[in-house]
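The values are calculated or read from the model by the stated rules, or taken from the named source; none is laboratory data. Note that the structure is a prediction, hence the values are computed from the model and not measured. Cβ atoms come from the backbone with ideal geometry, glycine included; neighbour counts cover every protein chain shown.
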Amino acid sequence: MKGLLIFGAALGLLILGLGIWVATPQGGGGLGNEGDSANINEANQDDTVSDRDDGVVYMRNRQFKPKMARVLSGTSVTFTNRDDVTHGVDFKDKRLKDRPKIAPGGSYAVEAPAKGRYAYRCPIHPEMKGTIVVSKG
């Protein structure tokens, strides 16, 4: 009987530990990096939203998300690397400053210039492409 009780206690601790791990960001859940529920929504939405107007572009799964970011002129566009490999940003229009390397977890902000469309790609993974669409502010 004592052995059964010890087995049950060990099994309970194992299940509790697994539940805690699954609730962490490393386990696929939990509260985001800053510990608030807003990051959970942000992390999930960047895979489903096709166009954003908040000036944030994520690098994830070797893609820019969204592929087309819409902002007002003078607004900063922030590229955030949520992938496990280094990416970069190479603009076709050289009025915008390139960033050849952005490490995993890193970010880079660039100010959107005048109204227009600005194509960019990852210099490390050329199949990664996107566009910033700037409207007059």
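Worth pointing out:
- Of all residues in the stretch 56-94 being closer than 12 Å to Ala119 by Cα and surrounded by fewer than 16 Cβ atoms within 10 Å (Cβ to Cβ), the one that is modelled with the lowest pLDDT: Lys94
- Of the numbered criteria (1) at pLDDT 95 or above; (2) part of a helix (DSSP H, G or I); (3) among the polar types (S, T, N, Q), the one Asn41 fails is (1).
- Pairing each residue of the stretch 62-81 that is on the phi > 0 side of the Ramachandran plot with any residue that is of a type in the set (Gly, Ala, Ser), provided the two are 6+ apart or on different chains, yields C-beta distances under 6 Å for Gly74/Gly137.
- Here Asp83 clears all of (1) in contact with a Phe, Trp or Tyr (Cβ under 8 Å, 6 or more places away or on another chain); (2) part of a loop (DSSP other than H, G, I, E, B) except the condition numbered (1).
- Yes/no for Lys92 being in contact (Cβ under 8 Å) with a residue 24 or more places away in the chain, over 15 Å from Val57 (Cβ atoms), touching a strand residue (DSSP E or B) at 6+ places or on another chain (Cβ under 6 Å) and not β-branched (Val, Ile, Thr): yes
- Of the residues making up the stretch 95-137, those that are assigned to a loop (DSSP other than H, G, I, E, B), of a type in the set (Gly, Ala, Ser) and modelled with pLDDT of 95 or more number 3.
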